[in-house]
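**Student:** My questions will all concern the structure given below.
The values are calculated or read from the model by the stated rules, or taken from the named source; none is laboratory data. Model, not experiment: these values are computed from the prediction. Note: ideal-geometry Cβ built from the backbone for every residue, glycine included; neighbour counts use all protein chains shown.
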Amino acid sequence: MATTEPVDPDMTAADLALDLLEGEERAAATRRALADRDFAAQVAWWRQTMAGLVAWWPAVEPPSGLEARVMASTAVYGTSAGRSPAPVRGVAPWWRVATIALAGIAAVLALMLVLPRHAPAPQRVPARVAAAPLIAAIAPAADPAAPAAPLPALYEPDTGMLRVSGANIAPNGRSAQLWAIGEDGVPHALGILTHASEATVRIAAADRARLSPGTVLAISIEPPGGAPGPVPTGPVVATGPLSRL
């Protein structure tokens with residue numbers, strides 16, 4: 001998907017791309033990314049833009065106190081000298097990231113001023129573009145134990161994290177287990193979905209190659225702790241294929 005610069009940037013998209021949201025705010029933003037393609041494109045644009053900024057500049061240690069001085073000079077905070085700035089609700093996460101980025105750039109410029117003139121110019125490092133997330137709507141099966149609505153899922157290949165919203169579907173004394181089914185039709189266990197409104201599963205390194213567009217995610221209801229064998233033993237209550245965001 002093309003990720004041109006948004007005309008009217010959405011800071012919620014930036015917060016989601018930079019992993020600054022938690023709890024219900026993250027769950028709501030994830031559901032929005034699954035339902036709103038324009039919002040999903042902004043999330044992808046922020047990821048690519050910030051990945052490029054990080055890769056562009058070599059790592060340096062900013063001078064002590066530089067972040068506090070920059071934040072104190074920002075009118076949004078309205079701070080005075082010698083006092084730690086207090087973030088404004090809804091604005092702080094983005095400006096904190098912007099401040100750190102500015103501090104890094106200022107430190108690089110200061111370092112360039114003191115380097116000898118004959119020092120070689122720093123090499124430009126190619127920007128690493130983050131891999132596009134994969135999404136799925138895990139639709140309920142024709143089973144009394146199935147969820148009432150599709151469960152949105154988001155997989156981030158760079159981190160190996162897979163999030164499923166509305167995953168609290170297993171009855172008491174049972175576990176909801178997540179599976180990946182590839183072209184061979186063989187299910188592979190990925191993990192147990194916790195009893196929470198949004199379950200997070202860290203995919204093992206050996207299983208990450210299994211998750212690609214077209215791979216089917218499935219949820220079965222199993223004994224506590226998961227199926228005793230390599231295949232589901234309980235009813236499969238929801239399935240859905242992965243696709244590129």
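**Student:** Do any residues in segment 41-57 that are under 17 Å from residue 12 (Cβ atoms) have Cβ atoms under 6 Å from those of residues that are at pLDDT below 80 and acidic (Asp, Glu), where the two are at least six apart or on different chains, and which pairs are they?
**Tutor:** 42/10
Per-residue answers, yes or no, for (1) modelled with pLDDT under 90; (2) in a loop (DSSP other than H, G, I, E, B); (3) closer than 19 Å to residue 227 by Cα:
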{"residue": "147", "(1), (2), (3)": "yes, yes, no"}
{"residue": "155", "(1), (2), (3)": "no, no, no"}
{"residue": "158", "(1), (2), (3)": "yes, yes, no"}
{"residue": "178", "(1), (2), (3)": "no, no, yes"}
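**Student:** Same structure, new question: When the residues of segment 48-57 are filtered to those that are in contact with a helix residue (DSSP H, G or I) (Cβ under 8 Å, 6 or more places away or on another chain) and not in a loop (DSSP other than H, G, I, E, B), which remaining residue is modelled with the highest pLDDT?
**Tutor:** 50
**Student:** For segment 1-47, name all the residues that are polar (S, T, N, Q) and either out of contact with any helix residue (DSSP H, G or I) (no Cβ under 6 Å at 6 or more places or on another chain) or at pLDDT below 80 (or both).
**Tutor:** If the condition is that a residue be polar (S, T, N, Q) and either out of contact with any helix residue (DSSP H, G or I) (no Cβ under 6 Å at 6 or more places or on another chain) or at pLDDT below 80 (or both), then 3, 4, 30 are the ones that fit.
**Student:** Any idea which of (1) in contact (Cβ under 8 Å) with a residue 12 or more places away in the chain; (2) closer than 25 Å to residue 23 by Cα is the one residue 222 doesn't satisfy?
**Tutor:** So residue 222 meets the others, but not (2).
**Student:** Given 169, 138, which one is surrounded by 21 or more Cβ atoms within 10 Å (Cβ to Cβ) and out of contact with any Ser or Thr (no Cβ under 9 Å at 6 or more places or on another chain)?
**Tutor:** Sole residue among the options that is surrounded by 21 or more Cβ atoms within 10 Å (Cβ to Cβ) and out of contact with any Ser or Thr (no Cβ under 9 Å at 6 or more places or on another chain): 169.
**Student:** Would you check if residue 196 is under 30 Å from residue 18 (Cα atoms) and either touching a residue at least 40 places away in the same chain (Cβ under 8 Å) or not aromatic (Phe, Trp, Tyr) (or both)?
**Tutor:** So residue 196 fits the description; yes.
**Student:** Pull up segment 184-225, narrow it to residues that are in contact with a Lys or Arg (Cβ under 9 Å, 6 or more places away or on another chain) and loosely packed, with under 14 Cβ neighbours inside 10 Å, then point me to the one that is farthest from residue 239 (Cα to Cα).
**Tutor:** 224
**Student:** Would you check which residues across segment 17-37 are in a loop (DSSP other than H, G, I, E, B) and surrounded by 15 or more Cβ atoms within 10 Å (Cβ to Cβ) and list them?
**Tutor:** Correct list: 18, 20, 21.
**Student:** Continuing with this model, one more query. Hey, does segment 175-197 have a residue that's among the charged types (D, E, K, R) and touching a strand residue (DSSP E or B) at 6+ places or on another chain (Cβ under 9 Å)?
**Tutor:** The answer is no, given that none of the residues of segment 175-197 is among the charged types (D, E, K, R) and touching a strand residue (DSSP E or B) at 6+ places or on another chain (Cβ under 9 Å).
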